[in-house]
1. Which three extents, in whole angstrom, do the alpha-carbon atoms of region 123-245 cover along their principal axes, largest first?
2. May I ask you to order 60-67, 315-322 by the average number of other C-beta atoms within 10 Å around their residues, highest value first?
3. If a paramagnetic tag sat 7 Å from the Cα of residue 384 along the Cα-Cβ line, which residues of region 340-358 would have the backbone N under 17 Å from that point?
4. With a 10 Å radius around each residue's Cβ, average the other Cβ atoms per peptide and rank 44-50, 450-456, highest first.
5. How large is the convex hull of the Cα atoms of region 402-456 per residue, expressed in Å³ as a whole number?
6. How many angstrom lie between the Cα centre of region 1-56 and the Cα centre of region 166-226?
7. Below 8 Å, C-alpha to C-alpha, sequence gap of six or more: please give me the relative contact order for the chain in percent.
8. Compute for region 155-309: radius of gyration divided by Kirkwood radius, i.e. Rg/Rh, restricted to C-alpha atoms, rounded to two decimals.
């Protein structure tokens, strides 16, 4: 009786390789016009701008270029009665490569970056500059899409021994791509001068919501536009020719992904491929951007992979291949409510009514501990409100305030360990705010946060792809002759790294025979130094 194999076809992102690398980035933060000279630097914070990384894969190497956003607080050289503490921000460019053997052009790359340490200094000879030295760690993983025909079961002789490994992988249902042209007219803020000439426009995308529907993925987001322009400043007014303004343009688009369903998970990447701004009149400009959108839909699938097989009664030629995949350890989600009370700054009028509060979650730290994922960050809150009538002038009835509050959220994932890989998404699900009825300068914000996380571990398996019976099978008589001089049983002392499977295959006996001969209750539990009886089997 031959061996019959049952196979299953799966599409997975097979891991080509992954590695970590560190780099030291040095640069200068220069004070903009209007800021006082530096007396003393108080603090410097840095964060890698992961939204706008330029990632290129060449043979056996991943090249990463980008910028680090830097924020600094300093004490200014100002008169005693003036505001002493000032804020300044800037960017520092970097370039690094990470060696990944086997990496090739057009493979998929995932990059995570973490600022490990920030050093800063100030030289009195350069009162408008801050020297920064930033240590950044990058984690890079390269994958390629493969279609595997995996052996999931085998049938054959009654003594056929089959070793299986149960793995949970992300089966790739499909992926799609779309381009979206975003157009809008943007007005210059009231306090800014008229436009003489537009110098530069930059944009980045903030995805606000993604939905998996039948055969498509819907993406909603905001195009955040930064514009640098030359102002038309009248004579006699202090000249500040170059001005900066920001704008937000919402958009909605969908990507077709055949066989996608609502209950499936998805990943979405949106990149600004091109952006330009042109002057329409003195107080407005037309902005046009081309967005490149990629969507991938995944379906978690648990499969039993045949790692090995043998038969004591038949000689089998087993063919194997190596696969490296991300084994899903677990997924989970959790919600947390963040409540915080704030006071309106003294220079702002009291609140009559809160118009709206928007919240954005900025993650500052993630970690995996035993059976748990922890994410920490800061909520950036922007509140628009209507001022109380006695304080409300006809020119400025609506006011704006900004605040920050920290958050911590965790998800329990059994089996999660520190050295595993974490994929996560923090979503702001709901925001509400209300005025304190006893204090018109005080208001409370309530934010509902949701953390969706998945923990994976890269595994390398030798899996069976085909089995053939040996061309020349020994005659039964010859086999009996072979066993004639062998002892009825053998005593084996378990060595470090042994498994019952390895011992059974080495002595060409079934696992059941060893289990029964030794009264073993848990086949997965044997220990070095243990004595096992290996019975003789004859066919």
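1. 100, 47, 19
2. By packing density, highest mean first, the sequence is 60-67, 315-322.
3. Correct set: 351-358.
4. Result, highest mean first: 450-456, 44-50.
5. Dividing the Cα hull volume of region 402-456 by its residue count gives 111 Å³.
6. 20
7. 13
8. That ratio is 1.32, to two decimals.
The numbers here are math on the coordinates, done by the rules we state, and not lab data. Here the structure is a predicted model, which is why all the values come from computation and not from measurement. Counting neighbours? That spans all protein chains shown, and the Cβs are built from the backbone with ideal geometry, glycine included.
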